[in-house]
1. Relative contact order for the chain: what is it in percent, counting Cα pairs under 8 Å that are at least 6 residues apart?
2. Could you size up the charge dipole of segment 73-174 around its Cα centre, putting +1 on the beta carbon of Lys and Arg and -1 on that of Asp and Glu, and report it in debye to the nearest 20?
3. Among 243, 621, 203, whose Cα sits farthest toward the positive end of the charge dipole of the chain (+1 at Cβ of Lys/Arg, -1 at Cβ of Asp/Glu, about the Cα centre)?
4. At residue 302 and residue 365, where each label point lies 7 Å from the Cα along Cα→Cβ, what is the point-to-point distance in nanometres?
5. Mind checking the per residue accessible area of the chain for me, 1.4 Å probe, whole number of Å²?
6. At R0 = 45 Å, how high is the FRET efficiency between residue 280 and residue 172 if r is their beta carbon distance? Nearest 0.05 is fine.
7. Output the Cα-based Rg and Dmax of segment 199-255 in Å, rounding Rg to one decimal and Dmax to a whole number.
8. May I ask for the Rg/Rh ratio of segment 755-859, computed from Cα atoms with Rh as the Kirkwood radius, given to two decimals?
Amino acid sequence: MSLSSDCCVFTIVSRNYLHFAINLMHSVAEHMPSARRVVAICDSIDGIPVDELQFEVIGIESLPIPHLDRLLYQYTILELNTAIKPFVFSHLLDSGKLDKVIYFDPDIQLFSSGDTLLSSLDQASIVLTPHLTDFIHDDGHPSEVSIMQSGTYNLGFLALRRSFSAQKLLTWWQQRLSRLCVVDIPNGLFTDQKWMDIVPGIFADSLIARSPGWNVAYWNLMHRTIEKNEKEKYLVNGEPLFFFHYSGYDSKNPSISKHQDRFKLSNLNAATQTLFKLYSQRIDASGRDKFAAFPYAFAQMSSGLPLPDCARRFLRENLDWDQQIPDLRTAAGEQFVIDLLNEKVDAGRPLITRLAWSVYCTREDLQQAFPDIQSMHRQAYVDWYLENAEQQIGIPGILVDSMRPDKMSVSSNSSPGTNTGADAENVAGDHNLPWSASFGKMLYKAAWASRHLVRPFLSKSLRHRIRMRLLQRAYQGELAQRPVAMAKAQSTDSPAGINVIGYLRSESGVGESARSMLRALQAVAVPHSSINFDVGNISRQSEDPQTNSLERLHYAINLFHINADQAWVAYDSLGDQFFAGRRCIGFWAWELPEFPDEWLSSFQHFDEIWVPSTFCQRAVAAKSPVPVVCIPHTIEIPASLNPDKARFGLNPEAFSFLAMADMLSVPERKNPMGAVEAFIAAFAGDDSAELLVKLSNPEIRPEITAQLRAYAEKHQNIHLLEGYLGREDVNRLIDSVECFVSLHRSEGFGLVIAEAMARGKVVVATGWSGNMDFMNTGNSMLVDYRLTELDQDYGPYRKGQRWADPDIRDAAVKMRQIKEHPELAAEIGQQARLTCQTLLAEAVVGYQVRQRLQAILRR
């Protein structure tokens, strides 16, 4: 059917949601009778009784979407339903018969006239509704942070008028949603919705509709009171209820939405309860039983083979869409996808496919249970994948079986520079595992099956820790339980344990990495000795390692906390007796994606290399002839803080930012100037904020120090603190500020960043390089950047390499946002501390070290 009108209301559904669309369209017919009513089907239209419906139906195939097959294969059902929204808008507006097009989510119902909306479209080209029209003052979910992460405006509603602005918006929006309509909160994306945050700032003819009767839903119900008047009409804060959004509502659940924990239906007033009860009845009457069981046609490939969400994500992120590929809906396209997902990720053994690697990269529980799948945890992860990928993730057998031992066709001679994980043995099944490991797997699978049942009773962090522990027990066998002291080195009579050799007294990042290793070893009682090495190190030597270890070469394994460029210095100075007859490990950090060729000769002195981040691991492993293992630095998690603003000349009434840089570490990389520029952009002339820049070795780069001094002289709220501070004073300094800023261009790990996070501080930092192992949008403020090529040499960083150029404007916005929203700062700081406890605490890192030592000693 069709109506002659310049206005259209549409929604988008897959077949299993058609009953919601039917109910919505009934309410549109009642309250906006002159509007055309259209439902776009994001699915096959087979089985839909088109002739019986009181609205028009548009199939996805009729929309103006280039390369539709790619959208169908790269997006989940939620993502695809939202990705086609701008294309439906264009399809309707381009017909030439419509001036006003309005979108409602299918789980919306109208309750009064839409005349006010239509009138607003006479003036505005774009009409949006915000999630919130007031602040949130409780601890319920969603919080203000959750709202900001998912988007300021709710895209369950959007109205456009035919105009230049609408056309410009739709052209841009279609381009973005062709690849970036994803649920990826850590990277600042949430389907089509998050993109709308920038729209009112770009289009002056946008209208933000704040009427309390529009888009009433769980996220704003705490600010809106629903009542019935004497005419049985619903009012919201005294104004007519226009439309209610029943997002996440299930009549079988006592909550009003699965997306919140603030309201139960029984706790709401009578008028609001009636709204929900009547809605459930209308949905039943619209054919819930008939349509809810419809399968999603695009859940599978052309042959019927399921395509799980993890495979879709891999295709979206990794496939070069510019290359000539067959239509993915064809048999040739399906085979192309299967072959791509089954490609081996490297030459290592056992084989890991690109899909299996992608699964690992998106599962935090797997990353923590198997922190080094390029080497010592490779076999354990493969075992997990073979046994659980199909059941847990829905990966079909054809995408799992290629990793089974009898399917492997990998040469036993891996190429140099590839981590083979040679100390792992292929295990085809459970029959050779000890009883404890088999029992552990049974416990893990039982815990996974019951995860939804225990969710209301256990915190997220506790569930995560339990799952990680069960994973480790189940798939790392008895190795994790065997005491180090039981093993003996095969190449020497020295006892089992580790000798840590490095700049133990140096006030530098390399020195602190060695001291952090000693703390990790001490935390898990691994026998160790420590030997201070200071040849060639020009940093001040005043730190105290504070270790109870022996101060001599005593054990079977050597760990040199000396970077690759100084390895030859260590070998020449210490002599062959330090290396002969022992397993020798180098602990190296490198801050750029390509490891320097001039340091390749350093590998000859070592049996393997440890690095503090996966960023370093990728760079070093690409050129390493020996295994490269990721062992993060350990960070002290203080029980309490000890701030002293007066000690550092800070204003007790001001919001204090801190940036730190050692001029020995190449200031162009540490980029303290970036922090100063961002602060000035955000707070020039604002005495309620201040920035302290802490500089070590300022005399090394006097020209940069002079620039920073000039800024401090010009701006009263910028201070410079030059020279060394002891460890306690550094901690006290971090305790004394509200936010730490690191607009670095690259980090091998980011020690001070992690130290600030462990102390519950908000960190504003460049979202690139080694710090991304422990930073995300939930526990820090990540600054946008672009990768740039070095136009000259900067210390060891050679011309032609790449590093990040942080976006100063974005940093300024985030710094001001943190200052103006203390509740946001508190939540982010709490998450930062929790992350450090989970990933970087002394016992956590010590456990990883002990596992690796056990594997070495056993072999």
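1. 9
2. In debye, rounded to 20, segment 73-174 gives about 640.
3. Most positive-ward Cα: 243.
4. 3.6
5. Numbers: 35800 Å² over 859 residues.
Ligands and nucleic acids excluded, the figure is 42 Å² per residue.
6. Numbers: r = 39 Å, r/R0 = 0.86.
Working from the Cβ atoms, E equals 0.70.
7. Cα radius of gyration and Dmax of segment 199-255 are 14.4, 44 Å respectively.
8. On the way: Rg = 17.8 Å, Rh = 16.0 Å.
Rg/Rh: 1.11.
The values are calculated or read from the model by the stated rules, or taken from the named source; none is laboratory data. It should be emphasised that the depicted structure is a prediction, and the values quoted were computed from it without experimental measurement. Cβ coordinates were reconstructed from backbone atoms using ideal geometry, including for glycine residues, and neighbour counts include every protein chain displayed. Side chains are part of the model used for accessible areas, which takes the heavy atoms of the whole protein and leaves out ligands, DNA and RNA. Shrake-Rupley method; radii C 1.70, N 1.55, O 1.52, S 1.80 Å.
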